[in-house]
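J.: Below you'll find the structure I mean.
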């Protein structure tokens, strides 16, 4: 399997929209190709793991033949804030969605962590069979940090995401209570 690279996107210099020399970067992740002899009832690639930290998933194709798949090597996003009431100031244009909630103003904070360089195990599940294969994720060659620096940064970000999820959980419980109080006031 071809190695993947851990890239951090940076702001590109300003270029005109009609610049014919502007290229397009490939999607972020590990490119995986596999072959199915026959159509499968279900197909997915998952469990990209390194020390139990990364859980990436990609839905694979189920048709017969060669199958390309892109495995996103970013970790799970932090939990979303779900506002369950309208803003306190009159704002009739701000409504709850069909699920009974709306995102906060500004969209809320979200942390998605790029997984550090290293060797991961990729598991392909299709047609009732499971196959595993190692994949190497390399450091961005333009990165000034060492692999130890990236590992330390990842550990800090994991702790921050955990703390953020704790705060979001509290906010979401507060919003549930606010929605209950608001519905009692409407009676």
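J.: From (1) in a loop (DSSP other than H, G, I, E, B); (2) without any contact (Cβ under 8 Å) to a residue 60 or more places away in the chain, pick out the condition that doesn't hold for residue 85.
T.: (2)
J.: Given the structure, is residue 168 modelled with pLDDT of 85 or more and over 25 Å from residue 31 (Cβ atoms)?
T.: yes
J.: Then there's this: I need a count of the residues in segment 142-168 that are touching a residue at least 60 places away in the same chain (Cβ under 8 Å) and more than 19 Å from the chain's Cα centre (by Cα).
T.: 1
J.: What residue, of 179, 126, is surrounded by 12 or more Cβ atoms within 10 Å (Cβ to Cβ), touching a residue at least 24 places away in the same chain (Cβ under 8 Å), farther than 19 Å from residue 75 by Cβ and not assigned by TED's automatic domain parsing to the domain that holds residue 82?
T.: The conditions single out 126.
J.: Can you tell me how many residues in segment 2-30 are at pLDDT 75 or above, in a loop (DSSP other than H, G, I, E, B) and surrounded by 10 or more Cβ atoms within 10 Å (Cβ to Cβ)?
T.: Going through segment 2-30 one residue at a time, the tally reaches 4.
J.: Among the residues of segment 110-141, count how many are outside any strand (DSSP E or B) and within 17 Å of residue 155 (Cβ to Cβ).
T.: Qualifying residue count, segment 110-141: 6.
J.: Another one. Filter segment 72-84 down to the residues that are surrounded by fewer than 18 Cβ atoms within 10 Å (Cβ to Cβ) and either within 20 Å of residue 177 (Cβ to Cβ) or touching a helix residue (DSSP H, G or I) at 6+ places or on another chain (Cβ under 9 Å) (or both) and list them by number.
T.: If the condition is that a residue be surrounded by fewer than 18 Cβ atoms within 10 Å (Cβ to Cβ) and either within 20 Å of residue 177 (Cβ to Cβ) or touching a helix residue (DSSP H, G or I) at 6+ places or on another chain (Cβ under 9 Å) (or both), then 76, 77, 80 are the ones that fit.
J.: Scan segment 105-120 and give yes if some residue there is closer than 30 Å to residue 37 by Cβ, touching a residue at least 12 places away in the same chain (Cβ under 8 Å) and surrounded by 14 or more Cβ atoms within 10 Å (Cβ to Cβ), otherwise no. It would help to see each step written out before you state the result.
T.: Going residue by residue through segment 105-120, those that are closer than 30 Å to residue 37 by Cβ are 119-120.
The next check asks that each one be touching a residue at least 12 places away in the same chain (Cβ under 8 Å); those that pass are 119-120.
Filter again for surrounded by 14 or more Cβ atoms within 10 Å (Cβ to Cβ), leaving 120.
Yes, segment 105-120 contains a residue that is closer than 30 Å to residue 37 by Cβ, touching a residue at least 12 places away in the same chain (Cβ under 8 Å) and surrounded by 14 or more Cβ atoms within 10 Å (Cβ to Cβ).
The values are calculated or read from the model by the stated rules, or taken from the named source; none is laboratory data. These numbers come from a predicted model, not from an experiment. Every residue, glycine among them, receives a Cβ derived from its backbone with ideal geometry; neighbour counts consider all protein chains shown.
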